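S.K.: Take this structure, written in structure tokens, and hold onto it; I'll ask about it next.
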Amino acid sequence: MPLTEHRTTLTQFLIEERRRYPDASGDFNSLILNVALACKSISRAVAFGELGGVLGNASGASGADTSVNVQGETQKKLDIMSNEAFLHVTEWGGQLAGMASEEMELPYQIPSQFPKGKYLLVFDPLDGSSNIDVNVSVGSIFSVLRAADGLESVSESDFLQPGTQQVAAGYAIYGPSTMLMLTVGTGVNGFTLDPNLGEFMLTHSDLKIPPDTNEFAINASNSRFWEEPIKRYVDECVAGKSGSRGKDFNMRWIASMVAEAHRILMRGGVFMYPRDSKDPSKCGRLRLLYEANPIGFLMEQAGGRASTGRQPIMAVQPTSLHQRIGLIFGSRNEVERIEAYHNTPRKEDLPSPLFTERSLFRVSA
Ligand code: AHG
Ligand code: MN
Ligand code: MN
């Protein structure tokens, strides 16, 4: 009787993928394995919870009660610890020219003692961190881009690449089990962490999102700030069998985008955090480079769709590192329906003066 059922490890999966490219150096595989190691260390910290002293807010510089990141959000201890895990597990390997993260205002330079490489790593070290203290699933999101040749240091402009340029993207979810979901542009594969061996094992091959669904996710407390196409879509879902859709819908909201994305990869659904008029200084809640683009890449690779509501999310040319954007993703037919509501609105859905060309909210993205 074998000690373990043979399963493909993440390492074996990456090596077998690489064999299809005889000229590949192995740098990419080393990078992904280091990212996986960072995720494993975060998973352990999350699992210990209060016992590990990792819950609660981080204290700020010079004795301030709390620490606030460039987004103006209070940082949790685990936001900072997870950020450090990503930096220190990946910076030494010679695969990266630089990194950028939700928790750092400026791009991170590879320390001078380490060689520079051909990739850029962009990440949200802990997504859904408001859920950490209440023991609800959180995750980490990452995206790999190519760096220009011979970069000795990185600046913001090096990272401003549309999502279509991503080499790979994925997330880890720290739930009842820890999983790593990965795309290198040839579909989406899911790996479950074997807690005894500390290895990610391939458990979900070539995932496909059902094109239709009766489940939607949106923070309904923002409904008064939504634009008409979103109001219309949600009203129709809520009307259920008695409305124009002729079927009942379920609603979910976890407030960890990673957990919503995971549910959608497993059984379909649609997620919306649309552009709204809540805060005129922000064009949405989620960040383009390290939340929307990697999740968008996974969705599209699983046969789903990811959009601003007006155009594919991965077609958007980024203008700044921490840019926010409206994001809608999931089952293809539902996302296309929402896009149609935006792009061919009914007369009564035309934008209010708040959203005209000359107003605070630009109508383009
Ligand atoms: P983060 O913890 O990285 O700041 O991201 C949280 C995001 C996302 O995960 C989630 O969908 C959304 O914020 C939750 O927003 P609400 O607080 O409006 O529910
Ligand atoms: Mn996040
Ligand atoms: Mn985060």
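Every number in this text was worked out from the coordinates using simple rules, so none of it is lab data. Just so it is clear, the model here is predicted, and its values are computed rather than measured. We place every Cβ from the backbone using ideal geometry, glycine too, and count neighbours over all the protein chains shown.
S.K.: Calculate the FRET efficiency for S41 and E336 from the Cβ-Cβ distance with a Förster distance of 41 Å, rounded to the nearest 0.05.
M.R.: Once rounded, the FRET efficiency stands at 0.55.
S.K.: Run through the stretch 267-316 and list the chymotrypsin sites (Phe, Trp or Tyr not before Pro) located in a DSSP loop whose Cβ has at most 11 other Cβ atoms within 10 Å.
M.R.: The qualifying sites: there are none.
S.K.: Continuing with this model, one more query. Can you give the angle from 0 to 90° between the axis of helix 228-239 and the longest principal axis of the chain, with both taken from C-alpha atoms, to the nearest 10?
M.R.: Between the helix axis and the principal axis of the chain, the angle is about 90 degrees.
S.K.: Give, in nm to one decimal, the length gained when the segment between D248 and S281 is fully stretched (0.36 nm per residue of separation minus the Cα-Cα distance).
M.R.: In short, 8.3 nm is gained.
S.K.: Lys pairs in the chain, Cα-Cα under 26 Å, at least 8 apart or on separate chains: how many?
M.R.: 17
S.K.: Would you mind putting 304-311, 28-35, 88-95, 107-114 in packing order, based on average other-beta-carbon counts within 10 Å, highest first?
M.R.: In descending order of packing, they fall as 304-311, 28-35, 88-95, 107-114.
S.K.: What is the helix-to-structure angle for 27-48, meaning the angle in degrees between its Cα long axis and the longest Cα principal axis of the chain, kept from 0 to 90 and rounded to the nearest 10?
M.R.: Helix 27-48 sits roughly 80 degrees off the main axis of the chain.
S.K.: Then there is this: Once every DSSP H run of n ≥ 4 in the chain is given -39500 (n - 2.57) and the sum is divided by its residues, what mean residue ellipticity at 222 nm do you get, rounded to the nearest 500 deg cm²/dmol?
M.R.: One gets -8000 deg cm²/dmol as the mean residue ellipticity at 222 nm.
S.K.: If you don't mind, another one. Mean separation of Cα pairs under 8 Å and 6+ residues apart, divided by the residue count of the stretch 10-204: what relative contact order is that in percent?
M.R.: About 15 percent, as a whole number.
S.K.: For the stretch 10-204, how big is Rg over Rh, using alpha carbon atoms and the Kirkwood form of Rh?
M.R.: 0.97
S.K.: Can you give the Rg and Dmax of the chain based on its C-alpha atoms, in angstrom?
M.R.: Values for the chain (Cα only, Rg and Dmax): 20.6, 72 Å.
S.K.: With a bin width of 10 angstrom, please list the P(r) values of the stretch 13-53 as percents of all Cα-Cα pairs, from the 0 bin to the one holding the largest distance.
M.R.: P(r) for the stretch 13-53, in whole percents per bin: 27, 33, 21, 15, 5.
S.K.: If you scale each eigenvalue of the Cα gyration tensor by 5 and take the root, what three semi-axes come out for the stretch 215-355, rounded to whole angstrom and sorted largest first?
M.R.: 21, 19, 14
S.K.: State the extension gain, in nm to one decimal, for the chain segment bounded by E16 and H88, taking 0.36 nm per residue of separation less the distance between their alpha-carbons.
M.R.: 23.2 nm
S.K.: Here is a follow-up. Using a Gaussian network model of the chain whose springs link C-alpha atoms within less than 10 Å, name the residue from R337, R232, R346 with the highest mean-square fluctuation.
M.R.: Looking only at R337, R232, R346, the biggest GNM fluctuation is shown by R346.
S.K.: OK, next. Roughly how tilted is helix 77-90, in degrees to the nearest 10 and between 0 and 90, from the longest Cα axis of the chain?
M.R.: In the chain, helix 77-90 runs at an angle near 50 degrees to the longest axis.
S.K.: Only Cα pairs within less than 10 Å get springs; with that Gaussian network setup on the chain, which residue of P345, P294, P125 has the largest fluctuation?
M.R.: P345
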